[in-house]
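Trainee: Could you have a look at this structure, given as structure tokens, before my questions?
The values are calculated or read from the model by the stated rules, or taken from the named source; none is laboratory data. Every value quoted in this text rests on a predicted model; they were computed, and no experiment measured them. Cβ placement follows ideal geometry from the backbone for every residue including glycine, while neighbour counts extend to all protein chains displayed.
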Amino acid sequence: MAGKKPIFVSMDLGTAYTLVYIEGNGIVYNEPSIVAYKIKENKIIAVGAEAYKMIGKGNKNLRIVRPMVDGVITDIKATQAQLNYIFARLRLEKALKNCVMLLACPSAITQLEKTALKKIALSLGAAEVFIEEEVKMAALGGGVNINAPTGRLVVDMGGGTTDVAVISSGDIVISKSIKVAGNYLNEEILKFIRAQYGMEIGIKTAEIIKINIGSLAKFIDEKSMKVYGRDVVSGLPREIEITPEELREVLKVPLSRVIELIVQVLEMTPPELAGDIFRNGIVLCGGTALINGIAKYVGDTLQLPTKVGEQPLLAVINGTKKFQSEIFDKLRRVKEEISY
């Protein structure tokens, strides 16, 4: 039917996770942004959660690839292969035919990378492709009315980067980014355990530690955690026990750099918008926003009201869903201009 409205599809192409939303189906994919290849055949054998299980447990014929590292596309071919694999596995190729697609990407990606992503989306069957910054979508999904003529400060702490942005009247006024986020915190935990206890652990174990006992303020029922790894001297398997208190000191160092970035953005903010931010406070989004006590830590340090946004892990993809009406309004206006 000629006048049939196209299906809306959106993707959050994050460093840590890739999420896909399809109108009428909801969020159909939410898995780690990882691809596992067989080297000899150069063939994908797993994507997402299945590939994540293989980290640190591979062999010489296995290559694990992260298409995005620190908010930058490191392998555009792996990105295309990952998306092709996802939609083939979900058997949703038909839903992509002539769809309108919105891609949410880190602010650090270049214009060249944006063009490459548009080509990938078009090759998947999309008729129209739009690209928006993750921090803007995170604000919308986190419960911020981005169209209001008032300043809001949003901190999107993902896997590879933390984006800090002042948003007003539907767009980003100022934004800055730093490569200190979830993956960086995992690395710091890994280094701490090696230096303090003389034990090697894997990056997956570091992430589990962060999720289970990571905090920036004391919380109810704090418990220590047993951690297993390899002794750096003897090379033998070993067990240690770490506490939330010692982990707090590890996390505060890198997160102080996020605080510094927020201060830099505030220093660049026009006075009227700064006044709005003083009243409205800060909204934290992204997986790192789930660390216990992070809102209190940021709020106390900056002396500004701070809260964690709605569903921080899903804030970006939820924001793309809410942005759907604006996308179709843009298309309608373009058609009206052409018809005149």
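Trainee: Restricted to region 192-220, and to residues that are of a type in the set (Gly, Ala, Ser) and surrounded by 14 or more Cβ atoms within 10 Å (Cβ to Cβ), which residue is farthest from Glu249 (Cα to Cα)?
Mentor: Among them, the one singled out is Gly202.
Trainee: All but one of (1) free of Cβ contacts under 8 Å to residues at least 24 places away in the same chain; (2) of a type in the set (Asp, Glu); (3) not in a helix (DSSP H, G or I) hold for Glu310, so report the exception by its number.
Mentor: Unmet condition: (1).
Trainee: Among the residues of region 67-77, is there at least one that is touching a Gly at 6+ places or on another chain (Cβ under 7 Å) and assigned to a loop (DSSP other than H, G, I, E, B)?
Mentor: Within region 67-77, one or more residues are touching a Gly at 6+ places or on another chain (Cβ under 7 Å) and assigned to a loop (DSSP other than H, G, I, E, B).
Trainee: Moving on. Where residues in region 129-145 are surrounded by fewer than 24 Cβ atoms within 10 Å (Cβ to Cβ) and not small (Gly, Ala, Ser), which of them is farthest from Lys322 (Cα to Cα)?
Mentor: Val129
Trainee: When region 261-294 is examined, which residues are found to be buried (at least 17 other Cβ atoms within 10 Å of the Cβ), in contact with a helix residue (DSSP H, G or I) (Cβ under 9 Å, 6 or more places away or on another chain) and not in a loop (DSSP other than H, G, I, E, B)?
Mentor: Result: Ile262, Leu266, Ile277, Ile282, Val283, Leu284, Cys285, Gly287, Thr288, Ala289, Asn292, Ile294.
Trainee: Out of all the residues in region 67-79, is one or more among the polar types (S, T, N, Q) and closer than 30 Å to Ile178 by Cβ?
Mentor: yes
Trainee: On the given criteria, is Val135 under 13 Å from the mean Cα position of the chain (by Cα), closer than 29 Å to Val253 by Cα, not small (Gly, Ala, Ser) and not in a helix (DSSP H, G or I)?
Mentor: No, not satisfied.
Trainee: Within region 32-53, is there a residue that is modelled with pLDDT of 85 or more, surrounded by 15 or more Cβ atoms within 10 Å (Cβ to Cβ), among the hydroxyl-bearing types (Ser, Thr, Tyr) and part of a helix (DSSP H, G or I)?
Mentor: Taking every residue of region 32-53 in turn, at least one turns out to be modelled with pLDDT of 85 or more, surrounded by 15 or more Cβ atoms within 10 Å (Cβ to Cβ), among the hydroxyl-bearing types (Ser, Thr, Tyr) and part of a helix (DSSP H, G or I).
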